[in-house]
Amino acid sequence: MNPPFRPFFFLVLATFMFTWFALIVLPWINLGHLAPIKEEGTPGITPWDSSGSAHQGEKVYASNGCAYCHTQQVRPASSGADIIRGWGTATDDGDPKKEVTRRTYPRDYIWQHQVFLGTSRAGADLTNVAHRFPTAAGLYRYLYDPYVLNGHSSMPAYRFLFTMQKVRGLPSDDALVLVPADMPPAGWEIVPTAEAKSLVAYLLSLNKGYHLPDENGPVPRPSKS
């Protein structure tokens, strides 16, 4: 190596090492050992791990590029309008009739095999999407044709995650209930594929209503009155 290039080489190396330490090592030191919170007086822990089907749905979510338009990171009220939009609103695990609203915290991600912070807010944040769509049927319907529920949606229809099959006896329990324009021919039905089922299981697992320590726990949702 020529002597004039040595300072440049070491400068590049130092820059790389500093960046690697700041973005990889330091966050791992601070956050890499977070554990679930034990609920005092009970054998329960929070957050709970998701089902195997939900973890499989993470792969479907990733392969279809959902993170390009949807974030999973509710910013604090001082950093944006996420809370005002209701993206931080979830059902209180302790009382399903109550709502809580809070920003996202590192502990929210400890069970996720892949973390989808997202690259853009072209669509709604999905941190608590299960609060807005609490049933599989609602999510199937939206994935099949988002424009029926939101005529201004820029989300594409994911009809390839569904299949049409002949009705044999009674309709399937998970057959989609569609508007006339989308209905299949008489005697046929639209049902979700295995990929759609795992994706929806994953989306239904996104509901951060569990309790955190007092210093960063959820707070009651402000009254709408």
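Any idea which of 56, 73 is crowded, with 17+ Cβ neighbours inside 10 Å, in a loop (DSSP other than H, G, I, E, B) and among the polar types (S, T, N, Q)? Give the steps one after another, and end with the answer.
Working: 56 fails: in a loop (DSSP other than H, G, I, E, B).
Result: 73 is the single residue among 56, 73 that is crowded, with 17+ Cβ neighbours inside 10 Å, in a loop (DSSP other than H, G, I, E, B) and among the polar types (S, T, N, Q).
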Would you mind finding the one in 92, 49 that is farther than 15 Å from residue 202 by Cα and modelled with pLDDT of 80 or more? 92
Could you check region 59-70 and list, in sequence order, the residues that are assigned to a loop (DSSP other than H, G, I, E, B) and within 15 Å of residue 128 (Cα to Cα)? 70
Looking at region 185-201, can you tell me whether even one residue there is at pLDDT below 90, in contact with a helix residue (DSSP H, G or I) (Cβ under 9 Å, 6 or more places away or on another chain) and surrounded by 12 or more Cβ atoms within 10 Å (Cβ to Cβ)? no
(1) within 23 Å of residue 45 (Cβ to Cβ); (2) basic (Lys, Arg); (3) surrounded by fewer than 16 Cβ atoms within 10 Å (Cβ to Cβ): which one isn't true of residue 168, the others all being true? (1)
Does residue 32 satisfy the criteria of being touching a helix residue (DSSP H, G or I) at 6+ places or on another chain (Cβ under 8 Å) and of a type outside the set (Phe, Trp, Tyr)? no
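Just checking, which of 76, 27, 36 is in contact with a Lys or Arg (Cβ under 6 Å, 6 or more places away or on another chain) and not aromatic (Phe, Trp, Tyr)?
On the way: 27 fails: in contact with a Lys or Arg (Cβ under 6 Å, 6 or more places away or on another chain); 36 fails: in contact with a Lys or Arg (Cβ under 6 Å, 6 or more places away or on another chain).
Only one candidate qualifies: 76.
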Filter result for residue 130 (out of contact with any strand residue (DSSP E or B) (no Cβ under 6 Å at 6 or more places or on another chain), crowded, with 19+ Cβ neighbours inside 10 Å and not polar (S, T, N, Q)): yes
Members of region 92-116 that are under 12 Å from the mean Cα position of the chain (by Cα) and farther than 16 Å from residue 55 by Cα: 104
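The values are calculated or read from the model by the stated rules, or taken from the named source; none is laboratory data. Remember, it's a predicted structure, so these values are computed and weren't measured experimentally. Glycine gets a Cβ as well: all are built from the backbone with ideal geometry, and neighbour counts include every protein chain shown.
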